[in-house]
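The values are calculated or read from the model by the stated rules, or taken from the named source; none is laboratory data. Note that the structure is predicted; figures quoted are calculated from it, not measured. Counting neighbours? That spans all protein chains shown, and the Cβs are built from the backbone with ideal geometry, glycine included. Each accessible area value is taken on the protein alone, full model and side chains, heavy atoms only, with ligands, DNA and RNA left out. Shrake-Rupley method; radii C 1.70, N 1.55, O 1.52, S 1.80 Å.
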Amino acid sequence: MSKLKIPILLLYFLFLGPLNGSYSQELIFDKEIFKELASAIRHETIFSKEPGTLSTLTSQDLEVLNPQDLTWILRYLPGVLVNYTSAGYANIMFRGATGIFPPIQVLLDGRPYTIEAIGITVWPFLLIDPHEIERIELISTPASVHFGSNALTGAINIVTKPPEAISKNYVQISGGSQSYFRTTGVFKKYIKPWHFYAFIGQETMDNFHSSDISMKRFMARTSLSRITNWGTLRIDFGLYNGEVKNLYILKNVSEALDIFDFSLNADDVYHWGTRISLEGASYFLRFSNYIANGDLIITNTFNPPVKYRQENYLLETQKYLYFYKQKLTFGFNLENTKTESEFIKNSDEIRFATFFEDEIKISKEFELFFGARLNYHPSADFYFSPRASIIFKPKNNLRIRYTYTKSFGNPIQYYSRINLKEYPIKTKNFIFYLTINPNREEKYIKQEGHEISLLIKKEKQRALISGFRYLIKNYPYQEIEKIDLLTGKINIISKFLKRRIKGFSIEYQYNIFKNFNLRANYEYTDTENLTKREKEIIFPRHLISGLIIYKKENWNSFIGLNYISKRRFESQKIGDIFYLDAGTNIKVNKKLTINIQGLNILNCKKKNDFLGRNLERRVFISLKCQW
């Protein structure tokens, strides 16, 4: 027992013990002040201090936008491309990082929810309702130092409201195009000393141009919190059940056979998760887990469903303290991930990472931010990810930033562990035998980047100009090696490519009046496949978005637009796309609110994704009763 005294005392000092003097702020134990302080700090990251790295949609914005589809509103953030493969599912891409499984880290309260087999987050599986969201953060910079794997060009962090911040009960009923129907309800209660709320909801939607179900889901979530002398103790539990169509379109097979109807559906999916956290003014300790399982079905075939199951357990700690003119932040993650599947080798892995970040105020004009992360993955060994930024402030309203970073992505199991040898795909008239050869080596996806930005603030206006240049190595992809039409054998091989991405972006915000806000974004992106030595236009060269929000006491409204320039992938082309959206909320009385919303009002019918479906105009009407 005596051998454990030193590490126990060290943990107490770092995370629970009171600190004073030059090392830390004095802790505040007035419960109301402490609650606000803990709520503000618990999700704060270094990117809130670096100009040009953080864009947000706040709960006030979301109240006006009232999104039925969470992915749709991400288009109003700079540089984000939302690629719909069906009415109920979309892939999120950012700053040229394209692919069948695009590498962008998506987090819920700083915690990643990644399907290991494909290396991405499946948005409909997230246990979240838009009304629970405090803000959506887009980190517009490589962020692996803080957020870990897959934050190669950026990350999206969805921050939820703690139970004590939810002030009213409500019930909402929504209906709309594509036979859309949704019912949700939130109920809260304070039973001293616990704040409690429960969310329950269900949602269904048909696909475009058909009456087939595109997405349906049932969600339930409950959360409890209380204030203690050590911080906010929070316990969460959530459950999801549903299905999503066209999760992934089998591009290689479809193109080879000149058929575009092979896709992957996720059916009978069950997903549940828990989280226990202690969040203080200068630290947090958090344990969370989620378990997901379901059936994967190849459409237009007679193949039986393929089972998939994943378990993930994550322990996280983070602490910051002040030392002289520095703010030091350091943390540690320990993760256990298990996967079981019929087409990918089973795995049971323990991973860990440690990181630190330092903010140094050199002088009134100069600040230095630097950090590093040491990541361990059992199949790819260790990876060191550094990040450094220098900020120059010649005037109070002017900031210049330069950043150098190296980020990473964990190996994607689909490319490195797939186990398909002459797998029969049975269609109405033929039987094809599919073989997919995995990469012989599991490698980290590696990124090296340079960024420079200029931030200008003037009274009610804010303008940001940023330039970026990224080099991505070891990005996996697949191509057809051989097709034998006589025997029906198709061989697909997995390879790695190297890609260079460069461009610039302009963001502009203007609070025209007290209740009238404008934001506009433009991004130019140039991508080059260095492996094949050719330019790529998979990601649009020009991406423009705009959002106008107007708020009054009893009603508010918005107008949003999105322009996506022409794209090309091999022989396929997508022309210029322009989406126009609008919506309004009318407060009938203190309890009842009516929302009317139109997406793609001009009914632009061009495909949003190369192998997706043509999008249609969507109209939603909802009634919300709160008390």
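What to note about this one:
- All positions within region 492-503 that are closer than 30 Å to Pro78 by Cα and open to solvent by less than 70 Å² (accessible area, probe 1.4 Å): Phe496, Leu497, Arg499, Arg500, Ile501, Gly503
- Residue ID - surrounded by the fewest Cβ atoms within 10 Å (Cβ to Cβ), chosen from residues in region 92-120 that are part of a loop (DSSP other than H, G, I, E, B) and of a type in the set (D, E, K, R): Asp109
- A search for C-beta distances below 9 Å between a residue of region 373-394 that is on the phi < 0 side of the Ramachandran plot and any residue that is among the β-branched types (Val, Ile, Thr) and loosely packed, with under 15 Cβ neighbours inside 10 Å, counting only pairs 6+ apart in sequence or on different chains, returns Tyr376/Ile350; Pro378/Ile350; Ile390/Ile362.
- Yes/no for Leu224 being of a type in the set (A, V, I, L, M, F, W, C) and in a loop (DSSP other than H, G, I, E, B): no
- Flag if Pro130 is closer than 24 Å to Gln60 by Cα and in contact with a Pro (Cβ under 7 Å, 6 or more places away or on another chain): yes
- Number of positions in region 309-332 that are over 22 Å from the mean Cα position of the chain (by Cα) and not β-branched (Val, Ile, Thr): 11
- Set Lys460, Lys446, Lys489, Lys482: member being open to solvent by 30 Å² or more (accessible area, probe 1.4 Å) and within 19 Å of Ile412 (Cβ to Cβ): Lys446
- Residue match in region 553-571 (condition: farther than 29 Å from Ala463 by Cα, in a strand (DSSP E or B) and among the hydrophobic types (A, V, I, L, M, F, W, C)): yes
- Of all the numbered requirements in (1) part of a strand (DSSP E or B); (2) open to solvent by 20 Å² or more (accessible area, probe 1.4 Å); (3) within 22 Å of Gln413 (Cα to Cα); (4) not polar (S, T, N, Q), Glu349 misses one, and that requirement is (2).
- For region 569-601, residues that are open to solvent by 80 Å² or more (accessible area, probe 1.4 Å), at pLDDT below 90 and on the phi < 0 side of the Ramachandran plot total 3.
- Region 608-626, subset assigned to a strand (DSSP E or B) and farther than 20 Å from Leu70 by Cα, residue most open to solvent (accessible area, probe 1.4 Å): Cys625
- Single residue of Tyr470, Tyr433 found to be among the hydroxyl-bearing types (Ser, Thr, Tyr), at pLDDT 85 or above and open to solvent by 50 Å² or more (accessible area, probe 1.4 Å): Tyr433
- Scan of region 118-153 for residues that are among the small types (Gly, Ala, Ser) and at pLDDT 80 or above, ordered by number: Ser140, Ala143, Ser144, Gly148, Ser149, Ala151
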